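Let me begin by presenting the structure, written as structure tokens, before commenting on it.
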Amino acid sequence: PPLAPRSGRLPAHAEGWGALLSGLIQARCREADVAPRFVASRADAEALVRWWVESGEGRGAAPEPELPLLSGWRRELAGQAALDWLAGQTAIAADPSSESGVRLVEPREGRGGR
């Protein structure tokens, strides 16, 4: 099916979010031994970011997009983690000891330095 027209560039702060979400999805899939292509494409991750930004950052200004990533087992595997990350409820941390090399952690607000 034809793609919906894009409504312009993403704000500067959100331009890299699609790539980060793709990495998060790949990490969750690797941990579950599921091929990422069965869960979400890079275009799906970018569509989720676009919806997030255009909907007022998840504040209900628009219904969730109809993406396979946000339904059923895909949402359970990676979709909810993607939404949680977009909402700032989790952060992506490097973790060489995990199978995927990354893990989701609660962000530490108000800490100086790294």
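The values are calculated or read from the model by the stated rules, or taken from the named source; none is laboratory data. The model shown is predicted, which means the values in this text are computed figures rather than measured ones. Don't worry about glycine lacking a Cβ; one is built from the backbone with ideal geometry, like all the others, and counts go over all protein chains shown. Just so you know, the surface numbers come from the protein's heavy atoms only, side chains and all, with ligands and any DNA or RNA stripped out. Shrake-Rupley method; radii C 1.70, N 1.55, O 1.52, S 1.80 Å.
Brief remarks on what is shown
- The number of residues in the range 71-102 being closer than 22 Å to W52 by Cα, open to solvent by 50 Å² or more (accessible area, probe 1.4 Å) and touching a residue at least 40 places away in the same chain (Cβ under 8 Å) comes to 1.
- Selection from the range 20-45 of residues that are assigned to a helix (DSSP H, G or I) and at positive phi: none
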